[in-house]
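Q: First the structure, which I've put down as structure tokens, then a few questions once you've had a look.
The values are calculated or read from the model by the stated rules, or taken from the named source; none is laboratory data. Small disclaimer: the values here were computed from a predicted structure and weren't measured. Cβ placement follows ideal geometry from the backbone for every residue including glycine, while neighbour counts extend to all protein chains displayed.
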Amino acid sequence: MFDHLVKIEADSKLIIYRIYEDGRQELFTSIEIPKNDNEEFDKDLFSAIAKRLGEDILIDSPKGREAFKI
């Protein structure tokens, strides 16, 4: 079994690692965060990134797939 660790890098990437019981880390995926040139909060951009992040973690998680019958 494993958990997930999400890091936000300075170069605007979300990095998702699998963290195993023995402490080993394995890169699962990275997601580019698009630049928001608008000075205001972009709800649609935020929703799209959050949805992708959540889907990636749930699909990769054995317990998540079991819970949602994926």
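Q: Hey, among LYS43, LYS35, LYS69, LYS63, which residue is at positive phi and of a type in the set (Lys, Arg)?
A: Checking each option against the conditions leaves just LYS69.
Q: Please specify each residue of region 1-59 satisfying the condition of being among the basic types (Lys, Arg) and part of a helix (DSSP H, G or I).
A: LYS43, LYS51, ARG52
Q: Among all residue pairs at least 6 apart or on different chains, which show Cβ distances below 8 Å where the first residue, located in region 46-57, is at pLDDT 90 or above and the second is among the polar types (S, T, N, Q)?
A: ASP56/THR29
Q: Could you list, in sequence order, all residues of region 20-70 that are in contact with an Asp or Glu (Cβ under 7 Å, 6 or more places away or on another chain) and surrounded by 14 or more Cβ atoms within 10 Å (Cβ to Cβ)?
A: Passing the criteria: PHE28, THR29.
Q: What number of residues within region 4-19 satisfy the criterion of being at pLDDT below 95 and among the hydroxyl-bearing types (Ser, Thr, Tyr)?
A: 1
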